[in-house]
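Student: Take this structure, written in structure tokens, and hold onto it; I'll ask about it next.
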């Protein structure tokens, strides 16, 4: 079973919840940090057997000796990644979506695909948590190929917790769309609620069961609570607004050390998710 | 020689547009015949990506050897440079003011992109 932890608004506690959820899983668990532009899961885990792999996407390489300057490759590219105004065509790797249309329409097979390295995946083990994290190289705009590679680390034998990027754009959708359940972490502020609403609409379009965790919960949660009630959203858990939790998490500790009473609630949350989704792996 | 000037309108009195890739259009002005034509660039206003590259293609297709605009990003700059189109930075209210400034040699040629690429 795959559980994605997403938010809409950034900084609501996705990683805090993801780590705590992984720590309270019923068995072995895979934790996939898909926030590849700002991954931080590693800060909270002591990893062993760390390995790194480079991630690449295929981009066209044009052989200028065989190119006949017909311009068909530039015509078919919907992403403006190839420009043609004479010989040879210019390729902008950073705009390429690797669909390979250019290669297929080239009448003289002058185009081959070559790897363009855009990031890496770091994997390691921490107790029962099998952790993988994607890291997009600085200067590369497309996060989704790295996210998809991280998600491929899911081996199908264990439960998976996906730490999603914030927002509701391509990156977030790539991270959550194959999951069986989405937990949206929010906070009781107008910003938190606004972005929660957008995130809920997004997840509904993907037809994935969804629940809400209110972080930094305090008097004045009514805004979010009312919205959840009106929209039939289950509030799965509340994490109290606590100086102690903040202090522990900001020094690399985890939620359960900061609030031991949440351990039972997280274990119950796993049960609830199993029950809601039918519990298949 | 033909020069391309970014604009929101379609004649010489139209407002000058600072943006290049997402400029609604260009005035292509011929410095010898003093004639001009309007070129539409509006399809790039909502392009998801590569607007600068396509705008550069529109300038090249129109046969301009000079571009006068407010800014130019890195990818458009690369394409224009490859096509040997010179790029000049201008600050002007109208297309004709930008043309006059260019003709009288008041503009400075850009040697690199002056804004970052945006997504």
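Taken together, the values in this text are just the output of simple stated rules run on the coordinates, not laboratory data. Quick caveat, the model's predicted, so the values are computed rather than measured. Because the Cβ atoms are built from the backbone with ideal geometry, glycine has one as well, and the counts that use them run over all protein chains shown.
Student: For region B:40-119, calculate the relative contact order in percent as a whole number, restricting contacts to Cα pairs under 8 Å that are 6 or more residues apart.
Tutor: Numbers: 91 pairs, mean separation 24.7, N = 80.
Once divided by the residue count of region B:40-119, the mean separation gives 31 percent.
Student: For the protein assembly as shown, what does the helix formula give at 222 nm: sum of -39500 (n - 2.57) over DSSP H segments with n ≥ 4, over the residue count, nearest 500 deg cm²/dmol?
Tutor: Numbers: 13 runs with 117 residues, N = 400.
Computed ellipticity for the protein assembly as shown at 222 nm equals -8500 deg cm²/dmol.
Student: Now a separate question. Compare the peptides A:13-21, A:146-154 by average per-residue count of other Cβ atoms within 10 angstrom and give them in order, highest first.
Tutor: Numbers: A:13-21: 26.0, A:146-154: 21.1.
Ranking the peptides A:13-21, A:146-154 by packing returns A:13-21, A:146-154.
Student: Also, quick follow-up: Considering only C-alpha atoms, what is the centroid distance from region B:19-88 to region A:106-131, in Å?
Tutor: Distance between centres, Cα-based: 36 Å.
Student: Rg and Dmax in Å for region A:1-141, alpha carbons only: what are they?
Tutor: When restricted to Cα atoms, region A:1-141 yields Rg and Dmax of 20.7, 62 Å.
Student: Which FRET efficiency, nearest 0.05, do residue A:207 and residue B:109 yield, Cβ-Cβ r, R0 45 Å?
Tutor: Numbers: r = 55 Å, r/R0 = 1.23.
E between residue A:207 and residue B:109, to the nearest 0.05, is 0.25.
Student: Just to be sure I understand: of the beta bridges DSSP finds with both ends in region B:2-103, what percent are antiparallel, rounded to 5?
Tutor: Numbers: 13 of 20 bridges.
That works out to approximately 65 percent antiparallel.
Student: Taking neighbour Cβ counts within 10 Å as the exposure measure, how do A:170, A:73, A:67 sort from fewest upward?
Tutor: Values: A:170 13, A:73 26, A:67 17.
Taking fewest neighbouring Cβ atoms as first place, the list is A:170, A:67, A:73.
Student: Compute the helix-to-body angle for B:51-61: its Cα long axis versus the longest principal axis of chain B, expressed 0 to 90° and rounded to tens.
Tutor: 40 degrees
Student: Which FRET efficiency value, to the nearest 0.05, is calculated for residue A:50 and residue B:34 with the Förster distance at 60 angstrom and r the Cβ-Cβ distance? Intermediate values should be presented prior to the final figure.
Tutor: Values: r = 69 Å, r/R0 = 1.15.
Taking R0 as 60 Å, the efficiency between residue A:50 and residue B:34 is 0.30.
Student: Now for a separate question. What ranking do A:130-138, A:234-242, B:48-56 get when scored by the average of other Cβ atoms within 10 Å per residue, highest first?
Tutor: B:48-56, A:130-138, A:234-242
Student: Just checking the output field for B:46-54: average partner chain Cβ neighbours within 10 Å of each residue's Cβ? Don't skip to the end; give the middle numbers.
Tutor: Values: counts 0, 2, 4, 10, 10, 1, 1, 9, 2.
If you average over the peptide's residues, the count of other-chain Cβ atoms is 4.
Student: Please report the antiparallel percentage of the DSSP beta bridges confined to chain A, to the nearest 5.
Tutor: Counting DSSP beta bridges with both partners in chain A, the antiparallel share is about 45 percent.
Student: When each pair of different Cα atoms in chain A is counted once in the 1/r mean, what is the Kirkwood radius in angstroms, to one decimal? Write out the running numbers ahead of the final one.
Tutor: On the way: mean 1/r = 0.0490 Å⁻¹.
Here the Kirkwood hydrodynamic radius works out to 20.4 Å.
Student: Next up: Please give the length that would be gained between residue B:18 and residue B:97 if that part of the chain were fully extended, namely 0.36 nm times their separation in residues minus their C-alpha to C-alpha distance (nm, one decimal). Could the numbers behind the result be given before it?
Tutor: On the way: separation 79, 0.36 × 79 = 28.44 nm, distance 1.33 nm.
Stretched out fully, the residue B:18 to residue B:97 stretch lengthens by 27.1 nm.
Student: Quick one: Cα centre-to-centre distance for region A:46-71 and region A:168-233, in angstrom?
Tutor: Spelled out, the Cα-based centre of one part sits 36 Å from the other.
Student: Residue A:98 versus residue B:8, label points 7 Å from Cα toward the beta carbon: distance in nm?
Tutor: According to this spin-label approximation, the distance is 4.1 nm.
Student: While we're here: Looking only at A:33, A:58, A:195, which one moves most when chain A is put into a Gaussian network model with springs between Cα atoms under 10 Å?
Tutor: A:58
Student: Still on this structure, please answer the following. Expressed in nm², what is the orientationally averaged projection area of the convex hull enclosing the Cα positions of region A:64-109?
Tutor: Working: hull surface 11.5 nm².
About 2.9 nm², averaged over all directions.
Student: Return, ordered by residue number, the residues of region A:242-275 whose backbone nitrogen is under 16 Å from a label point located 7 Å along Cα→Cβ of residue A:191.
Tutor: Under 16 Å, as judged by backbone N against the label point of residue A:191, lies no residue of region A:242-275.
Student: Here is a further query. Take every residue in peptide A:83-89, count the Cβ atoms of other chains within 10 Å of its Cβ, and give the average of those counts. Mind showing how you got there, number by number?
Tutor: Details: counts 12, 1, 7, 3, 0, 0, 0.
Counting Cβ atoms of other protein chains within 10 Å of each residue's Cβ and averaging gives 3.
Student: Would you please give the FRET efficiency between residue A:109 and residue B:82, computed as 1/(1 + (r/R0)^6) with r the Cβ-Cβ distance and R0 = 35 Å, to the nearest 0.05? List each step's numbers first, then the result.
Tutor: Values: r = 24 Å, r/R0 = 0.69.
Efficiency computed from Cβ-Cβ geometry: 0.90.
Student: Here is a further query. Please report Rg over Rh for region B:2-103, where both radii come from the alpha carbon positions and Rh follows the Kirkwood definition.
Tutor: 0.92
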